[in-house]
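The values are calculated or read from the model by the stated rules, or taken from the named source; none is laboratory data. Since this is a predicted model, take the numbers as computed values, not measurements. Because the Cβ atoms are built from the backbone with ideal geometry, glycine has one as well, and the counts that use them run over all protein chains shown. Please note that ligands, DNA and RNA were not included when accessible areas were found on the heavy atoms of the full protein model with its side chains. Shrake-Rupley method; radii C 1.70, N 1.55, O 1.52, S 1.80 Å.
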Amino acid sequence: MGNVKLFVSLETAYGSIAFFTSILHNVFLLYHVDMFVSVYKIDKMSFWIGEAVFLVWNSVNDPLFGWMSDRHFLGNHATKEHSEARVVNQRLDALQKNGPLLALTFLAFWLAWAYPWLQFVVCLCLYDGFLTMVDLHHSALLADLAVSNEARTKLNSACSIFSVVGSTSVFLSYMLWHKEDLTSFRIFCGVLSVISLTGFLVMSKMLKRAHAVRQKHLDSSHHLERSTSEEETVVRSGPMLVKYIQQLASHKNFLWFAAMNLVQVFHCHFNSNFFPLFLENLLGDAISPTLASLLLGISFVAPHVNNLYFLSLCRRWGVYSVIRVLFVVKLLLAVVMLMMGPGHTILLCVFIASNRVFTEGTCKLLSLVISDLVDEDFVINGRRQAVSALIFGTAALLSKPGQTLAPLIGTWVLALQTGHDIFQSGHETGSVKASLSGMSVEKQSAYRMGCFHLLVYIPVICATIQLLCWQRFSLKGARLQHVKATRRGEERHHV
């Protein structure tokens, strides 16, 4: 019974990290573009250049930080010094240092302290750098703390529960977001930052303590040596990096996953960046501000609630099958909405919310897939220690550009479909919404139809590409069970 309580304690500590990240990141996703475009009035050229710089940094920092963390674990250079307990403690130290810095850089978005173009680049790069360190090590812990599908889904479920609570920041932020007077919104962001900073410091220590106690229960018969000579752990970075790239290039499941995940990241951030646009342009006065706030909040909370159900399905049917069904559902919903047209308000509300729910629901499951890829990499390359952070970081290198491409492609397609350039709109109703007062009825209808096409075409195209990629992914069924059994056996052999 004591072990059960301890495991729950470990789950709680691990899941709480998701809360302290989500209360910040949900607000960032919704408002950072609108803040710089509508409030700080950044010009189009500066916006595009800033996004281009961010694209490079956003792509490079994941594998860079992963390499810095796990380069000593590659090949046969890992020694007893790199035991599972030591690796986990290193990841927890990184969370304890970078979590509070993430909370502080979050505040830099909401107060004007430099030229808009300079503040845009600096804020994006600093924030994403610390967010990457937090996400990278938190995700890597999923693969390091557990190997079985059941244990990993339980840890993921804890994250979903805490993320549901963290998503409440969306409800409050929408009610406090007023471009004419941002005082209340800025105070709110300050409160979120203090909560997050304190939480990272406290819960990182608690997670480290919970893991240490668990290790005493599970490994009481093992005495892990820590007196390894310096020469044994030296790794020549150049040759090992080349070898790692060659190994990854031959890892077909990883490459197919990265292609699918690039589209997934793009779609997730597209939905987050343009959710207010769809609310204003497609629903407009048809729904009340309270209903709009509720719809926005549900779209952020429901994916985490649904994820608890999806994870139970994963334990029964496997992650691969559940993700494939979610892609099919996303495609069918978009096709049905396209056939029905933009004239059905209630149906449009349901689709806007459900599109984000199913897309984000898929994102919540992908850490399980990457953890399985960590296991496969461990087995096929005969490693002594899994390079979890490096695999997660490299996956982000090939997929995170979708985060930058989402606002760029979205604003470009919006201009093509509607003729409205959000950077040229500075009236009181907000830059994402065109002024309809000077338009004829025909132009108003064409403008609304253009927004509708943007809404439905993106999920149709994304789901189609993802289904094609996912069909080629073979880490499932008997193959997956063999990989997990082999990793358990190898780790016991090396301890």
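Yes or no, residue by residue, for (1) under 21 Å from Leu468 (Cβ atoms); (2) modelled with pLDDT of 75 or more; (3) within 15 Å of the chain's Cα centre (by Cα):
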| site | (1), (2), (3) |
| --- | --- |
| Phe254 | yes, yes, no |
| Ala259 | yes, yes, no |
| Gln264 | yes, yes, yes |
| Ser272 | no, yes, yes |
| Leu279 | no, no, no |
| Leu283 | no, no, no |
| Thr290 | no, no, no |
| Pro303 | no, yes, yes |
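Going residue by residue through segment 185-207, is there one that turns out to be in a loop (DSSP other than H, G, I, E, B), open to solvent by 30 Å² or more (accessible area, probe 1.4 Å) and modelled with pLDDT of 80 or more? No, there is no match, as no residue in segment 185-207 is in a loop (DSSP other than H, G, I, E, B), open to solvent by 30 Å² or more (accessible area, probe 1.4 Å) and modelled with pLDDT of 80 or more. Can you tell me which residue in segment 386-408 is most open to solvent (accessible area, probe 1.4 Å), limited to those that are under 22 Å from Arg91 (Cα atoms) and either polar (S, T, N, Q) or not in a helix (DSSP H, G or I) (or both)? Selected residue: Lys400. Here Ala249 meets the list (1) open to solvent by less than 50 Å² (accessible area, probe 1.4 Å); (2) of a type in the set (A, V, I, L, M, F, W, C); (3) modelled with pLDDT of 85 or more almost entirely, failing just condition (1). Is it the case that segment 469-490 has a residue that's touching a Lys or Arg at 6+ places or on another chain (Cβ under 9 Å), assigned to a helix (DSSP H, G or I) and at pLDDT 80 or above? Within segment 469-490, one or more residues are touching a Lys or Arg at 6+ places or on another chain (Cβ under 9 Å), assigned to a helix (DSSP H, G or I) and at pLDDT 80 or above. If only one of Val8, Val37 is modelled with pLDDT under 90 and either over 25 Å from Leu95 (Cα atoms) or open to solvent by less than 10 Å² (accessible area, probe 1.4 Å) (or both), which one is it? Going through Val8, Val37 in turn, the sole match is Val37. Taken over segment 343-391, the criterion of being closer than 20 Å to Ser321 by Cβ and either basic (Lys, Arg) or more than 23 Å from the chain's Cα centre (by Cα) (or both) is satisfied by Lys364 alone. Exactly one residue out of Ala18, Ala13 is modelled with pLDDT of 90 or more, in contact with a helix residue (DSSP H, G or I) (Cβ under 7 Å, 6 or more places away or on another chain) and farther than 30 Å from Asp181 by Cβ, and it is Ala18. Which residue is surrounded by the most Cβ atoms within 10 Å (Cβ to Cβ), if the candidates are limited to segment 351-385 and must be within 13 Å of Asn253 (Cβ to Cβ) and of a type in the set (Val, Ile, Thr)? For segment 351-385, the residue satisfying everything is Val374. Across segment 62-99, which residue is most open to solvent (accessible area, probe 1.4 Å) among those that are basic (Lys, Arg) and either modelled with pLDDT of 80 or more or in contact with a His (Cβ under 7 Å, 6 or more places away or on another chain) (or both)? Looking at the filtered set, the residue picked out is Lys97.
Of these, Val357, Val374, Val325, Val369, which one is without any contact (Cβ under 8 Å) to a residue 40 or more places away in the chain, of a type in the set (A, V, I, L, M, F, W, C) and either touching a helix residue (DSSP H, G or I) at 6+ places or on another chain (Cβ under 9 Å) or assigned to a helix (DSSP H, G or I) (or both)? None of the other options fit; the residue is Val325.
Of all residue pairs spaced 6 or more apart or on separate chains, those with beta-carbon atoms under 8 Å, a first member in segment 55-69 that is farther than 12 Å from Ala395 by Cα and polar (S, T, N, Q) and a second member that is open to solvent by 50 Å² or more (accessible area, probe 1.4 Å) and part of a helix (DSSP H, G or I) are Ser69/Gln90.
Look through Val432, Val456 and report the one residue that is closer than 14 Å to Phe274 by Cβ, crowded, with 16+ Cβ neighbours inside 10 Å and at pLDDT below 85. Residue meeting the stated conditions: Val432.
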